[in-house]
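Written out below as structure tokens is the structure these notes cover.
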Amino acid sequence: MTDPTTTTSDDRLPFMQRVATAPISWGVCEVPGWGHQLSPERVLGEMSELGFTSTELGSAGWLPESTDELNAVLGANDLSLLAGFIPLVMHDAAQADQMKVEAREAAVLLSSSGATYFNTAPVTSHDWEPRRPYSDAEWDHLAEMLTWVDALCGEFGLHQVIHEHVGCVIETADEIERVLASTDVDFVLDTGHMAIGGCDPLDFAKRHADRVGLVHLKDTRMGIAAQLNAGDVTLMQAVQDGLFPALGEGDLPLDDVITTLEATGFAGWYVIEQDCAITGDLPAVGDGPMRDVANSVTFLRGLDLGAASR
């Protein structure tokens, strides 16, 4: 499969044709107590109604995990699979064999379902234990495993992208810089998670456009992010408090990030991935998260990208 970020600007798809979404924008998350978990039928139907043609996979088990069933469910809603968030324990040499098994299983599913991206999320443990400092040996092993997964993805025609993430091993600006220096693997530029971790997403786009494989678009209310970083609230509580509003309603310079990337000839995809949690009464069909995603689409359509997206 051709690397989607190496297409020349003359023949890349127009910007809005490279915008996908993800189930987490409808509050679909495996964390207990996160909020209402809407059915695939409703979520995929609303994605299709909004005009999306591609989605990410979502939390484990929410969509079918067999290729035929997954393709049937997506196809019934005129959707294709773009990517999957794959949590892997990559710093622990004792777990390397198991990690390789899990990575290969994920690659088989993603590849056979037509996905483009393998979003690698190095987690502290399968139970997402609290973060801690890691030794140089552990960081070296993580880099080695990222390189191994990169080769695996090449075998399956997938594009590996590293997903920095709150609560994962790679969260802060220093950790992102360390992995940039120790590997040549591309990143998910997740505007929200980068900003919360202290890495300016616009600065990253300017300095490391050549290392951006995929973009997750999240606007962020940095006041709530400060409460999260201070330990006053958990990530789940912060999301339920509105940490990630509709695009254009938070504090991040999303227009500048997108314009910067498009001006470099970036030909990869953008994913509206504004994590939300549905609490209280279940929203009516077509309301709640669908309204917020629709507002995000309106924001993106209103951007003045000029020649940058052509």
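The values are calculated or read from the model by the stated rules, or taken from the named source; none is laboratory data. Here the structure is a predicted model, which is why all the values come from computation and not from measurement. Positions of Cβ are backbone-derived with ideal geometry, glycine not excepted, and every protein chain shown enters the neighbour counts.
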Q: Check ASP256 against each of (1) at pLDDT 95 or above; (2) farther than 23 Å from ASP11 by Cα; (3) more than 18 Å from the chain's Cα centre (by Cα); (4) not small (Gly, Ala, Ser) and name the one condition it does not meet.
A: (2)
**Q.** Conditions (1) touching a Gly at 6+ places or on another chain (Cβ under 9 Å); (2) surrounded by fewer than 23 Cβ atoms within 10 Å (Cβ to Cβ): number failed by HIS216
**A.** (2)
Q.
Take the residues in the range 288-310 that are loosely packed, with under 12 Cβ neighbours inside 10 Å and either of a type in the set (Lys, Arg) or under 21 Å from GLU41 (Cβ atoms) (or both); name whichever of them is nearest to the chain's Cα centre (by Cα).
A. ARG301
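Output the residues belonging to the range 284-310 that are modelled with pLDDT under 95 and outside any helix (DSSP H, G or I).
Within the range 284-310, ALA284, VAL285, GLY286, ASP287, GLY288, ASP304, LEU305, ARG310 meet the criteria.
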Q.
Among the residues in the range 124-144, are any in contact with a Ser or Thr (Cβ under 9 Å, 6 or more places away or on another chain) and under 25 Å from CYS276 (Cα atoms)?
A. yes
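Taking the residues in the range 219-262 that are of a type in the set (Ser, Thr, Tyr) and crowded, with 16+ Cβ neighbours inside 10 Å as candidates, determine which candidate is nearest to ALA22 (Cα to Cα).
Per the criteria, the residue is THR220.
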Q: Considering only residues that are of a type in the set (A, V, I, L, M) and in contact (Cβ under 8 Å) with a residue 24 or more places away in the chain, look in the range 173-185 and name the one that is nearest to ALA83 (Cα to Cα).
A: VAL185
Q.
Residue pairs, Cβ under 8 Å, 6 or more apart or interchain, first in the range 104-124 and in a helix (DSSP H, G or I), second modelled with pLDDT under 95. List them.
A. LEU109/GLU65
Q) Tell me, which residue of the range 41-57 that is buried (at least 21 other Cβ atoms within 10 Å of the Cβ) and either closer than 20 Å to GLY286 by Cβ or of a type in the set (A, V, I, L, M) (or both) is farthest from the chain's Cα centre (by Cα)? A) GLU46
Q) Could you say whether any residue in the range 263-282 is in a helix (DSSP H, G or I) and crowded, with 16+ Cβ neighbours inside 10 Å? A) yes
Q: May I ask you to list the residues in the range 1-47 that are in a loop (DSSP other than H, G, I, E, B), at pLDDT 95 or above and among the hydroxyl-bearing types (Ser, Thr, Tyr)?
A: SER39
Q.
Return the pair list, or none, for Cβ contacts closer than 7 Å from residues in the range 129-145 that are in a loop (DSSP other than H, G, I, E, B) to residues that are surrounded by 16 or more Cβ atoms within 10 Å (Cβ to Cβ) and of a type in the set (A, V, I, L, M), at least 6 apart or on different chains.
A. TYR134/VAL169
Q: Collect the residues in the range 60-91 that are part of a loop (DSSP other than H, G, I, E, B) and touching a helix residue (DSSP H, G or I) at 6+ places or on another chain (Cβ under 7 Å), keeping them in residue-number order.
A: TRP62, LEU63, PRO64, GLU65, ASN77, ASP78, LEU79, VAL89, MET90, HIS91
**Q.** Test: residue in the range 186-206 that is touching a residue at least 12 places away in the same chain (Cβ under 8 Å) and within 15 Å of TRP139 (Cα to Cα)
**A.** no
Q.
Can you confirm whether SER48 is among the small types (Gly, Ala, Ser) and over 15 Å from PHE118 (Cα atoms)?
A. yes
Q. Of all the helices (runs of 4 or more DSSP H) wholly in the range 168-229, which have at least 3 residues that are modelled with pLDDT of 95 or more and touching a strand residue (DSSP E or B) at 6+ places or on another chain (Cβ under 9 Å)?
A. 173-182, 191-196, 201-207
